[in-house]
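Below is one structure, written out as structure tokens; comments come after it.
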Amino acid sequence: MKTVREAAEELQVSRQTIYSKLTDKFKQEYTTIKMINGKETLVINNKGLEYLKETVNKVDSKDDSQLDSQINNQLVELLSKNIELLQKQLEVKDEQISELNERLREAQELNKNNQILLHRQQEQPKMLESENKKEKKGFFDFFKKK
């Protein structure tokens, strides 16, 4: 015969687990009340202890599988939401990248045009100098030997 605390320790479960198994029928068949240290204490007999061992160690596969199924469904739902969110973010990033590429193309085109204009501006003074040199030749310069 063991107390609820002793039974819980022996079965390596909490006292609450033992108390949850103590139905009215179980109490009538397997328990008695004894005076221990001046207190009335519920005591479980050996047959009751064996019954508790079976019920505590027996896995309620229906409840477990139902719980597993619920957890799996919640996990799948959460993962689906995360995937959807990440796909939306990826679409936004793709759009940002394509806009950035377009801006880069525009910047390259502007840079190319600026280089052409700069090159033309640098060539104009050279052309003016060469024209001025041609104009400075006098009439007698044609008769000179080169």
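The values are calculated or read from the model by the stated rules, or taken from the named source; none is laboratory data. Keep in mind that this is a model prediction, so the values were computed, not measured. Glycine also receives a Cβ, built like all others from the backbone with ideal geometry; neighbour counts cover every protein chain displayed. SASA here: full protein model, heavy atoms, side chains in, ligands and nucleic acids out. Shrake-Rupley method; radii C 1.70, N 1.55, O 1.52, S 1.80 Å.
A DSSP coil position with no more than 13 other Cβ atoms inside 10 Å describes the following trypsin sites (Lys or Arg not before Pro) in segment 13-108: Lys58.
Would you mind calculating the gained length between Glu91 and Arg15 on full extension (0.36 nm times residue separation, minus the Cα-Cα distance), in nm to one decimal?
21.9 nm
Calculated FRET efficiency, Leu100 to Gln124, Cβ-Cβ distance, R0 = 35 Å: about 0.45 to the nearest 0.05. Here segment 25-128 has 52 percent of its accessible surface on carbon and sulfur atoms, given a 1.4 Å probe and all protein chains in place.
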